1. Of the residues in the range A:384-429, how many are crowded, with 18+ Cβ neighbours inside 10 Å, more than 14 Å from chain B (Cβ to nearest Cβ) and acidic (Asp, Glu)?
2. Against the conditions (1) part of a loop (DSSP other than H, G, I, E, B); (2) assigned by TED's automatic domain parsing to the domain that holds B:Pro437; (3) surrounded by 21 or more Cβ atoms within 10 Å (Cβ to Cβ), where does B:Tyr92 fall short? Just the number, please.
3. When you check A:Glu461 against the structure, is it acidic (Asp, Glu) and buried (at least 19 other Cβ atoms within 10 Å of the Cβ), yes or no?
4. Could you figure out which of (1) in contact (Cβ under 8 Å) with a residue 12 or more places away in the chain; (2) within 14 Å of chain A (Cβ to nearest Cβ); (3) part of a helix (DSSP H, G or I); (4) more than 17 Å from B:Leu222 (Cβ to Cβ) isn't true of B:Asn373?
5. Considering only the range B:1-51, state which residues are among the aliphatic types (A, V, I, L, M), farther than 30 Å from B:Pro247 by Cα and touching a residue at least 60 places away in the same chain (Cβ under 8 Å).
6. Given (1) closer than 13 Å to A:Cys248 by Cα; (2) at pLDDT below 95; (3) of a type in the set (Lys, Arg), identify the lone condition not met by A:Arg133.
7. In the range A:432-460, what residues are aliphatic (A, V, I, L, M) and either more than 11 Å from every other protein chain (Cβ to nearest Cβ) or part of a helix (DSSP H, G or I) (or both)?
Amino acid sequence: MTPIERIVICGGGLAAHMTAAALARQLPPTMQITWVNGRDSRDADLFFGGVAPPSAYAFNLSAAVPEPRLMVDTDTTFSWGTQFVDWSANRRSWVQCFHLPLPIVGGVLFHHHLWRQGVSALEPFLLPAIAARQGVFAHPVAQGPRLLARSEYGYQFNPYSYKRPFEAAARALRVKVVTADVANIVCREGEISSLHLSDGQALEADLFVDCTGPDARLLSRLGVEVTPGRRLRAALSHRTVERIGAPCRTLTAREFGWQCDTPLQRSVARLTVYSPEQESEAFAAHGEPAQHSGEITLGRRSVAWTGNCVAIGHAAEILEPLTQAPMLMLQRGIERLLTLIPCSRDMSVECREFNRQSGEDYTHAEIFNRALFEMPLKANSPYWRAACEVPPHEKLAQKIAQFESRGVLVAFDLEPFHNEDWTILHHGLGRRPARYDRMADRIPEAETRAMLDRAPKDIAEFVKTMPAHHDYMQNLIRYLKQKKL
Amino acid sequence: MQIERICILGGGTAGWMTAAALSYKFKGLPVSIQLVESDEIGTVGVGEATLPHIRNFNSTLNISEPALMKATEATIKLGIEFCDWGRIGDRYIHPFGDFGPNVNGVPFYQFWLRLRELGDSTRLDEYSLGVMLAEMGRFTNPAADPARVESTFRYAYQFDATRYARFLRKYSEDNGVVRTEGKVVEARLTATTGFVESVKLDRGEWVDADLFVDCSGFRGLLIEQQLKTGYEDWSQWLPCNRAVAIPCETRGPLMPLTRSTARAAGWQWRIPLQHRVGNGYVYCSDFISDDAATEFLLANLEGPALASPNKLHFKTGRRRLFWNKNVVAIGLAAGFLEPLESTSIHLIQEGITELIQLFPDKDFAQSDADEYNRRMGLNFERVRDFLLLHYVATQRDDSPLWSHFRNLTLPESLREKIGAWTTRGFIVKYEFGVFLPPSWIAVMLGQNLRPRGYDPRADAAPKEILVQNAAAILKSVRAAAQNAPDHAAYIRQIGAASDTAPLVAMRSQAP
């Protein structure tokens, strides 16, 4: 068996940065990693959105980027989730927060107790949601206050600065960085044999990792097609602020699409996502000159891996940055690659398994985003019509039907979004099950009532004791800088 | 409209487990539960070995472990010892537990594969406390703290399933379940919907219910005989269709293990209880006659037989629908997979758990049944693939049965799984299904499927560090195993020893 010895990563964006650091940190020193950090790919990093899931902490650590590094070297802030405003024609507003599994009371999922009592709002029972609305933050620790311990947090980030510590980590960890563009890709028998760069050199490798963004320059050269979906444009700008805002994005539905404000350390990032046909309205609403803008087509490549070339990030799939889905998929793509780094030049087994997993993952993430549109049209505009026209996957139909019928959560193998994400989403969208779990009736009504009265009060009281996100971050960064972390 | 009356048909393991769980769950709610069984119909008493999940079932019902063990002649089960499966003369243990800890997200066995290439000959088993305890015949309660090596294994029981049913019968009756003696002779279906309205017993009495749970065994009194649900035959993959069972006297120390020995036309089980040993030969009637099978089993018992042979016929497969109209089939009425991995009671437990989660009301929403059938279908299929693995991961071809498996076309999902393993020791994972990666690893390695490569991440650390870490794990596993008490002593220590003396064969019963 010939082991693989040379890996080449192509791309200059967030996906390439994260891939290079993670591979360098985890692969054996016998594998040479070369990173062609080119500037030639179309910039689409703004479509990664501005929120990273709670799993980012562990992911980053395994790529040699610990949280203190991220906080000191970038303008990343903490995130409890995303506040949706005016969503759909029903003008729903809720905080789609991160959370560990919701409590099971008397053997019954928490939400059944709510419906038994005719309580429709889940949010008062979710500490991160309340903390997000109040703009406060503190790290949840397992041994810390009980109420906080069930919370989870992610990050709010600017993709153009978030990537920097990954580059530093990759360089420190032996990655050979070539600053050049790919000029020509030489293929033979369904594989890439070499890359010719703008600086004249040619690179050969056993495995090529395509992080070149939506164009997927390597993968598409091998004939892999994209499944066409909706076209979207986006504009991103940063407005400098004195105080750090809430640990929560605010995403407002508009006729042309949506607009999202993300508080970072020194600025508020504004991302406007819209249908290309409604650009003038979107620009007017954006209200600031765009620092980054772009257009993409949502969807995925028919396969993410073919021959000796595997695509990571937008080169493999593009999801709308409505939720943390884009960052979640990027992290999971890199993690999947790490578990399937070929152990020989015959990588057909790895390729098949990677494609199987990546196909399932995409479907499962896509239906979470798609669920946001299983609602009455916000407006009869190109954006909303196109979003609602995409036929929902059968799995989504099952999830919604079961929830509406009896509050049961249908789950499939190893989904990227968890039951609690779905529970919060269903409630946020105002879905009501026709029945609750009858076992909830075993708890005396007065007891349930008392529990439901007390919990939101306890949460509200606790949130009052938490520091403002701004103050917490300032102190944390001062402390980290003193410790020279 | 909520369900007020539940009728359970059949009082075997499935029937009484269902009655116990439903009576506990519905305590205090206006639901009556009636169980119809006949003393004249024998129960099969599916598999006497269980999976660790049964402990959740029992503890949810607040059943005391020593009381249960004492009442059912139970012993501890740390896993299954498989003999002669890969090749004649081979043996390995499939434990309930891990093979070493994960290191930076990489499972330990990947490092072990690298150590093998470096010339180390330590068995992977030696990194598994579950296997070590089982081999030494020792046991201690697993630790809760995940940092301790004592937390890395789980356990189940080997017990007398008939006594377990009896134990649960008392539990159920104490919780208000009404047991009715009788045989079902007739059923009345609603003309418009085809729902079962009531069943008539041999003494003329009619029993009405909103929901019927069919635990009537292979024949599926309601699910099949009345509703004609249909059966999906899996004999093409799992051709064994007969079993003969005989208990015998115990010889040797009490081991915390079930044993399965591959034979020319099937396989033989050995299940040690406190007072006797259960034995059986599962075989395919195409390859051996019933008499020859019985004779073979009798000739391969460790002690004198304690009863005459009990013969069973079955067809592996599953009911096309587990839940059809207002009938839910649980146990053998739902399907049958040979007891090679002790899944029969587990599938009963899953059937009950899902029924409670998706409990219908009188409208019987089709979506409830659909979701139940989806979940149970997945459970059955994944168990099937795991069972099939035992038959195909083999080098044996010494009899027509084993040749049959050599020429078999595998289900796609299993073929991919085996391919990913043999290429690089990769386990294709799922979330819903009973057997986790360590189980697959145990069987594949135990039956000589050696990966050609391993996860390159196992090469990330220098060899010296790897060797050092492996030695430390080995040491902690050995120490923990040495510290554990003997299995029989443990049973006495927790007050779970039964009052029955070891059974001795009477002269007239001896073969």
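1. So the answer is 2.
2. Only one criterion in (1) part of a loop (DSSP other than H, G, I, E, B); (2) assigned by TED's automatic domain parsing to the domain that holds B:Pro437; (3) surrounded by 21 or more Cβ atoms within 10 Å (Cβ to Cβ) is unmet by B:Tyr92, namely (1).
3. no
4. So the condition that B:Asn373 fails would be (4).
5. B:Met1, B:Ile3, B:Ile6, B:Leu22, B:Ile33
6. (2)
7. Hits for the range A:432-460 are A:Met439, A:Ala440, A:Ala446, A:Ala450, A:Met451, A:Leu452, A:Ala455, A:Ile459, A:Ala460.
Conditions tested, residue by residue: (1) touching a strand residue (DSSP E or B) at 6+ places or on another chain (Cβ under 6 Å); (2) of a type outside the set (Phe, Trp, Tyr); (3) farther than 25 Å from A:Phe47 by Cα; (4) without any contact (Cβ under 8 Å) to a residue 12 or more places away in the chain.
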| residue | (1), (2), (3), (4) |
| --- | --- |
| A:Pro159 | no, yes, no, no |
| A:Arg164 | no, yes, no, no |
| A:Ala170 | no, yes, no, no |
| A:Lys176 | yes, yes, yes, no |
| A:Ala183 | yes, yes, yes, no |
| A:Gly190 | no, yes, yes, no |
| A:Ser194 | yes, yes, yes, yes |
| A:Gln201 | no, yes, yes, no |
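The values are calculated or read from the model by the stated rules, or taken from the named source; none is laboratory data. The shown structure was predicted, so the numbers you read here are calculated from the model rather than taken from an experiment. Positions of Cβ are backbone-derived with ideal geometry, glycine not excepted, and every protein chain shown enters the neighbour counts.
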